[in-house]
Amino acid sequence: MRSDASLPLPTWIEVGVLPLLNVALALVAAGLLVWALGQDPWLAVRLLVDGAFGSPLAWGYTLYYTTNYLCTGLAVAVAFRGGHFNIGAEGQATLGGLGAGLLLLGLDAWLPAPLLLPLGVLAGAAAGGLWAFVPALLQSWRGSHVVVTTIMFNFLAAALMVWLLVDVVGVSTGLAVESRRFAPDAALPGAQALLAQVGIDVPDTPLNLAFVLALLACAGVWLLLWRTGLGLAVRTVGLAPDAARYAGHDPKRLTLLSLTLSGALAGLAGVNEIVGVHHKLLLDFVAGAGYTGIAVALLGRNHPLGIVLAALLFGALAQGGSELVFEMPAFTRDMSLAVQGLVVLFCGALAAMPRPWVARAWAGWGRWRAAGRRDG
């Protein structure tokens, strides 16, 4: 007989309640850290929340960071559902920006915006997907471990970007290493321009149409993995490869599919940065979003709905943390990173810690309701 602590829980508890408990525990630990360093934790929390959600300008920057984390979190989750741990979202996002940027640099003088922008987005997704396809191929046919190969491909992506910018497409702009700017038609519309068309006035921020694309990607991943036979096959391979093979599925083919799709989703983060924000190729534009995506996927339980909430949380921590460092000089950038690290710790390595408590509470609630129906 199973104990209450091992009972299965409803999806809304797994995806919603448990991550919120993990976040609450992380914030308590972060508050104790801030207090131990001689700072006021309540003031720090108020400044952080206000910096992330206190104004339309703050919302714009928070959702801009959220866009990148949505893409990279989905990338890690899709690979995980297929039974693989993709550590290479950083490099795949770099290649996504590179693919989109090279296409726009080559065609922005010839094509109008209605053709340029879809082609740029597709080129970014294709480049990220192809960058993940090689480790997937090595894993499927040669047994190379995806964790090792995708990490190495992150370094290869960075080296490739440096070589291209320094020796091929770079222009002389002082100390910066970057390409020329794209033509105005080759930029994704910003939120300010889009909302102005329906009479809504918002401040100018990096938030752009890529945020909508990222949300559509979430819906698409949910439909694919939970509403199609192909998605069921991918999840079956991830849970039990031998059972999937016995059922007639091909784990090698599904490994190629899940990892290539994972890379394509990560590539959209590069599209957000290059086509939506900077409008030129430059170095280090991913800025660690690929690695943060691992924490986002873990916190979101590798489910699109959970990833939306987790990406918003990390977007708020990124934007609110920047404002906190500015408003409270004693709260350094390192302390802000420590707070994010605690969230990763409690939502990743210690994610299962509150589950037995919640399972016992859920079982007790069920027994109480059953007793009430008998008495009634």
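The values are calculated or read from the model by the stated rules, or taken from the named source; none is laboratory data. What you see is a predicted model, and the numbers here were worked out from it, not measured in a lab. All Cβ positions, even for glycine, are placed from backbone atoms using ideal geometry, and neighbour counts span all protein chains on display. We work out accessible area using only protein heavy atoms, side chains counted, and drop any ligands, DNA or RNA first. Shrake-Rupley method; radii C 1.70, N 1.55, O 1.52, S 1.80 Å.
The set of residues in region 313-355 that are crowded, with 17+ Cβ neighbours inside 10 Å and among the acidic types (Asp, Glu) contains only Glu323. Do you know which of the residues in region 299-312 that are part of a helix (DSSP H, G or I) and surrounded by 23 or more Cβ atoms within 10 Å (Cβ to Cβ) is modelled with the lowest pLDDT? Top of the filtered list is Leu299. Restrict the check to region 248-261 and report whether at least one residue is closer than 30 Å to Tyr61 by Cβ and of a type outside the set (S, T, N, Q). For region 248-261, residues closer than 30 Å to Tyr61 by Cβ and of a type outside the set (S, T, N, Q): present.
Counting residues in region 181-195 that are of a type in the set (D, E, K, R), in contact (Cβ under 8 Å) with a residue 40 or more places away in the chain and assigned by the TED database to the domain that holds Val271 gives one or more. Would you mind stating whether Gly60 is at pLDDT below 95 and either open to solvent by less than 80 Å² (accessible area, probe 1.4 Å) or not in a helix (DSSP H, G or I) (or both)? Considered against the rule, which asks whether it is at pLDDT below 95 and either open to solvent by less than 80 Å² (accessible area, probe 1.4 Å) or not in a helix (DSSP H, G or I) (or both), Gly60 comes out as no.
Residues Leu337, Leu342: which one is free of Cβ contacts under 8 Å to residues at least 24 places away in the same chain, under 26 Å from Ala287 (Cα atoms), of a type outside the set (D, E, K, R) and not assigned by the TED database to the domain that holds Gly288? When all the criteria are applied, what remains is Leu337.
Of the residues contained in region 209-218, none is found to be assigned to a helix (DSSP H, G or I) and over 29 Å from Thr260 (Cα atoms). A count restricted to region 232-246 and to residues that are without any contact (Cβ under 8 Å) to a residue 24 or more places away in the chain and either part of a helix (DSSP H, G or I) or outside the structural domain of Ala77 (by the TED database) (or both) stands at 8. Looking across region 313-342, the residues that are aliphatic (A, V, I, L, M) and at pLDDT 85 or above come down to Leu313, Ala316, Leu317, Ala318.
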